[in-house]
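Below is one structure; the comments refer to it alone.
The values are calculated or read from the model by the stated rules, or taken from the named source; none is laboratory data. Remember, predicted model here, so these are calculated numbers, not experimental data. Please note: Cβ atoms are built from the backbone with ideal geometry, for glycine as well, and neighbour counts cover all protein chains shown.
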Amino acid sequence: MSRQYWQESIADEQGINGTAIAATTTETVLFPDNTIPNGYMRDGRKLRITAWGKFSNVITTPGTTTFRIRWGGVAGTIIAQSSAISLNILAETDLMFKIECDITVRANGGSGSVLAMGLVTLAAQLAANNNQPNFMGSAGGASTNTPAAVTVTFNADTALSVTAQSSVNTAGTTITGMEYTLEALN
């Protein structure tokens with residue numbers, strides 16, 4: 001593992017938008033998966049995900065949205081998850097959100113573990129809770145749970161995914177990933 005004391009960008013998807021998730025309750029990947037190579041994650045390695053996006057046309061029955069970070073694609077292990085975030089009823093377009101999450105390797109190998117902690121922030125007019133930060137907890141728990149390390153495997157190339165899932169299928173409502181950066185912090 002490198003022990004540099006500067007940040008290194010691993011992926012920077014600023015030139016393209018991610019998927020526009022429209023009117024579905026299915027958990028969907030917001031940005032193209034990033035493949036973490038076999039052997040890259042070692043004890044103490046820390047990654048940071050910073051992702052920006054937008055909601056459009058949150059109307060009629062806004063419901064909730066849950067953001068997740070998964071190890072192994074959309075069907076893989078949840079390593080961080082927000083609570084179900086309540087949305088306001090709005091007919092506006094392009095209201096921003098931001099996801100920030102740090103992922104730290106606690107043990108490596110075929111059966112390793114990571115601890116992930118982060119925040120989801122929504123535009124003030126979008127959040128039903130007056131834009132209080134929504135924490136992302138490790139161990140797949142909601143943001144009010146105490147984070148705990150999650151068991152994952154590091155002995156194969158593995159997709160790292162940022163996903164979103166809505167509780168209701170409201171026609172016209174979309175969530176779009178806009179900018180994504182994955183950095184190695186050490």
The lone condition residue 49 fails out of (1) of a type outside the set (Lys, Arg); (2) at pLDDT 90 or above; (3) surrounded by fewer than 18 Cβ atoms within 10 Å (Cβ to Cβ) is (3)
If we keep only residues of the stretch 9-30 that are assigned to a loop (DSSP other than H, G, I, E, B), buried (at least 16 other Cβ atoms within 10 Å of the Cβ) and at pLDDT 90 or above, then the residue farthest from the chain's Cα centre (by Cα) is 27
Inside the stretch 77-120, the number of residues satisfying the requirement of being without any contact (Cβ under 8 Å) to a residue 60 or more places away in the chain, among the β-branched types (Val, Ile, Thr), crowded, with 16+ Cβ neighbours inside 10 Å and farther than 13 Å from residue 46 by Cα is 2
- Message: Yes or no: the stretch 32-42 includes at least one residue that is at pLDDT below 85 and either assigned to a strand (DSSP E or B) or crowded, with 18+ Cβ neighbours inside 10 Å (or both).
- Response: no
Filtering the stretch 83-106 down to residues that are under 15 Å from the mean Cα position of the chain (by Cα) and either modelled with pLDDT under 85 or hydrophobic (A, V, I, L, M, F, W, C) (or both) yields 84, 85, 96, 97, 99, 101, 103
